[in-house]
Structure formats: structure tokens, C-alpha cells
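Colleague: Below is the structure I would like to discuss, written out as C-alpha cells.
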Amino acid sequence: MIRAGRVTVDGAPATIGQQVDPETVHIEVDGIPLPVRPGLVYYLLYKPEGVVTTVSDPQGRPTVIDLVPADVRVHPVGRLDLDSQGLLVLTNDGDLTHRLTHPRFGVPKTYLATVTGRPAAADLRRLVSGVELDDGPATALSANAKGSHGDATHVEVVIAEGRNREVRRMFDAIGHPVVHLVRTAVGPVRDRDLAPGTWRPLRVDEVRSLYAAADE
């Protein structure tokens, strides 16, 4: 990979036998950052309902930090509201956190929303074309019905922002409130085997895929 010119150190091609300080250099492979600083950790947590996505809570409610190892200080990447559940990344990598949360990178998050009633195709198209919220317009990258059960419909929706309760407010805007919301993917990272309240370390290829998603 080095001989092929695929590895760079601080923007310059790496050389065979080159030694670097992992605390200070920026290494990329195929233009995608490769985190090498010692002590970086990455957790993928399935947040259950009733747990707040903060480091601490003045009201004494359980937080996502309570669910992961305490030996390294980490923080949640983005938000997932109290009544929602699903996948959440926690890390001490500030660069990745910035890339996953800043709107200009537009890393998609996928949700499965159970909503009241049966939204028509025109309603779902409105989500993609944009709906007006009290803090400005919001658009989905995609919104597709995945079946119904009784008087509720399951809709898979993908958004690239992360405003407070954004998915819920978008469905409110089209007249089909959310009754249950699960985040099923952060960028390309999914895990159907994680149970609520459990976590696992992210693999190196998954971390790189998150960096890559921010560069697309």
C-alpha cells in the first residue's frame, strides 16, 4: 500500500520504514483518515428507551455513559431522544465526532419509524421534498413504507441532519405522529444482533467506513 502511494502522512506520500509520532501526525489510506493516536476507543451502543444521550443528567436519569466501560472517558456522537432507541456511537475521537455531527458532512442516519395511520405516497414524498419545521425546513434523503400493522405503518427514513427530535417533528408535519422510533444505522454501520442496553467495540473497518461516509 505504501509502495502504491496509497498512504500519506500529513499529506505527503509515506515511505517504507518511515517512523512517525502517532500523537501528532495525520495518516490517511486512500484519502481516508486512519486513526492511530493511542487510547482512541469506539463503541457501538444500542440505546434503550428511557436513557438520555448525555454524559451526565442533572435529573438523575440513566445516561448512555452508564452503559459502556468507565475506564476511558467517551462521549456520545450526536443525539437520540429519551423515547427513542437504536444505534449510537460513543468515542473519544474528536475528529470523528465532528465529522459525524457537523451538518456540512451530511453523514446519513437511518431510522425505522412506526407512525399512526397509513401515510400516502404523496406524504412520504413531502418528507423528501422538504417540510417546514419551527427551526427551518427539513428534508429526508429517502422515506419508504415497510408495511403496516393495524392502524400503524412502519416507515424507513434516512436523514443527514440531527436536529432535536427531527424525525418525530417531520412526521408530525405530515399528520402521522411517531409512536415508536429506532435508529437502525449510523452511516454504513448496522448491527441487527445488538440488544437494547448492550454495546460492542467498533471494528477498524467500521471506523474507516464512518470516516469515508463523511468524505463522500
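The values are calculated or read from the model by the stated rules, or taken from the named source; none is laboratory data. What you see is a predicted model, and the numbers here were worked out from it, not measured in a lab. Because the Cβ atoms are built from the backbone with ideal geometry, glycine has one as well, and the counts that use them run over all protein chains shown. SASA here: full protein model, heavy atoms, side chains in, ligands and nucleic acids out. Shrake-Rupley method; radii C 1.70, N 1.55, O 1.52, S 1.80 Å.
Colleague: What's the total number of residues in region 151-165 that are under 16 Å from Val77 (Cβ atoms) and of a type in the set (Asp, Glu)? Before the answer, list the steps.
Modeller: Here is the first cut: in region 151-165, the residues under 16 Å from Val77 (Cβ atoms) are 159-164.
Subset that is of a type in the set (Asp, Glu): 161.
The total comes to 1.
Colleague: Pairs under 6 Å by beta carbon, first residue open to solvent by 50 Å² or more (accessible area, probe 1.4 Å) in region 198-216, partner among the hydroxyl-bearing types (Ser, Thr, Tyr) and not in a loop (DSSP other than H, G, I, E, B), six or more apart or different chains?
Modeller: Going by the 6 Å Cβ cut-off, the qualifying pairs are Thr198/Tyr46; Trp199/Tyr43.
Colleague: Just wondering, is there one or more residues in region 29-49 that are of a type in the set (Ser, Thr, Tyr), touching a helix residue (DSSP H, G or I) at 6+ places or on another chain (Cβ under 8 Å), without any contact (Cβ under 8 Å) to a residue 12 or more places away in the chain and open to solvent by 20 Å² or more (accessible area, probe 1.4 Å)? Reasoning before the result, please.
Modeller: Residues of region 29-49 of a type in the set (Ser, Thr, Tyr): 42-43, 46.
Next, from what is left, pick out any that are touching a helix residue (DSSP H, G or I) at 6+ places or on another chain (Cβ under 8 Å): 42.
Among the residues that remain, those that are also without any contact (Cβ under 8 Å) to a residue 12 or more places away in the chain are: none.
No, because not a single residue in region 29-49 is of a type in the set (Ser, Thr, Tyr), touching a helix residue (DSSP H, G or I) at 6+ places or on another chain (Cβ under 8 Å), without any contact (Cβ under 8 Å) to a residue 12 or more places away in the chain and open to solvent by 20 Å² or more (accessible area, probe 1.4 Å).
Colleague: Can you pull out the residues in region 144-193 that are of a type in the set (D, E, K, R), part of a helix (DSSP H, G or I) and more than 20 Å from the chain's Cα centre (by Cα)? Steps first, please.
Modeller: Let us first name the residues in region 144-193 that are of a type in the set (D, E, K, R), namely 146, 151, 156, 161, 163, 165-166, 168-169, 172, 183, 190-193.
Subsequent filtering for residues that are part of a helix (DSSP H, G or I) retains 166, 168-169, 172.
Correct list: Asp172 only.
Colleague: Then there's this: Being touching a helix residue (DSSP H, G or I) at 6+ places or on another chain (Cβ under 6 Å), among the β-branched types (Val, Ile, Thr) and either surrounded by 14 or more Cβ atoms within 10 Å (Cβ to Cβ) or modelled with pLDDT of 95 or more (or both) is true for just one of Val68, Val77. Which residue is that? Break it down into steps so the answer makes sense when it comes.
Modeller: Working: Val68 fails: touching a helix residue (DSSP H, G or I) at 6+ places or on another chain (Cβ under 6 Å).
Val77 is the lone residue from the list that is touching a helix residue (DSSP H, G or I) at 6+ places or on another chain (Cβ under 6 Å), among the β-branched types (Val, Ile, Thr) and either surrounded by 14 or more Cβ atoms within 10 Å (Cβ to Cβ) or modelled with pLDDT of 95 or more (or both).
The rows are residues; the columns are (1) modelled with pLDDT under 95; (2) assigned to a loop (DSSP other than H, G, I, E, B); (3) among the hydrophobic types (A, V, I, L, M, F, W, C).
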{"position": "Thr15", "(1), (2), (3)": "no, yes, no"}
{"position": "Asp21", "(1), (2), (3)": "yes, yes, no"}
{"position": "Val25", "(1), (2), (3)": "yes, yes, yes"}
{"position": "Pro35", "(1), (2), (3)": "yes, yes, no"}
{"position": "Gly39", "(1), (2), (3)": "yes, yes, no"}
{"position": "Tyr43", "(1), (2), (3)": "no, no, no"}
{"position": "Tyr46", "(1), (2), (3)": "no, no, no"}
{"position": "Glu49", "(1), (2), (3)": "no, yes, no"}
{"position": "Ser56", "(1), (2), (3)": "yes, yes, no"}
